[in-house]
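The values are calculated or read from the model by the stated rules, or taken from the named source; none is laboratory data. Just so you know, these numbers come straight off a predicted model, no measurement behind them. Note that each Cβ is placed from the backbone with ideal geometry, even for glycine, and that neighbours are counted across all protein chains shown. Accessible surface is based on the protein model in full, side chains and every heavy atom, while ligands, DNA and RNA are left aside. Shrake-Rupley method; radii C 1.70, N 1.55, O 1.52, S 1.80 Å.
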Amino acid sequence: QVRLVESGGGLVQPGGSLRLSCVAPADIFAISIMGWYRQAPGKERELVATVTVGGRPDYAAFVKCRFTISKANAKNTANLQMNGLKPEDTAVYYCKSMSRDDDYWGQGTKITVSS
């Protein structure tokens, strides 16, 4: 069973920052687009950002330069640096790997933005 392991969630005040990390198996990481999604209570899961095998990032419009997705290839890790967090960013954040062979999800990490 393929396992993506996320870390870095927690409680943060509005305007604060958090960094999420997702570690994938090396063989999966090497061939996959890595993405971060989120699901707020009562809402559908939505795309936050993706990064290609070659390192090209792409973002949802609501990110608006606040978030940065990156890869650490030597560690098989995809990171999401989130700055300027808002209460509406409160959600469970999921890592996803996407390749021609298959897609895999992490278990999710919860972020709460509140004062």
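So which residues in segment 56-75 are of a type outside the set (F, W, Y), assigned to a helix (DSSP H, G or I) and either more than 20 Å from S7 (Cβ to Cβ) or within 12 Å of the chain's Cα centre (by Cα) (or both), if there are any at all?
Residues satisfying the conditions are A61, V63.
Given the criteria free of Cβ contacts under 8 Å to residues at least 40 places away in the same chain and open to solvent by less than 30 Å² (accessible area, probe 1.4 Å), does V12 qualify?
no
Out of segment 3-55, which residues are part of a strand (DSSP E or B), more than 16 Å from K75 (Cβ to Cβ) and of a type in the set (V, I, T)?
Scanning segment 3-55 gives V12, I33, V48, T50.
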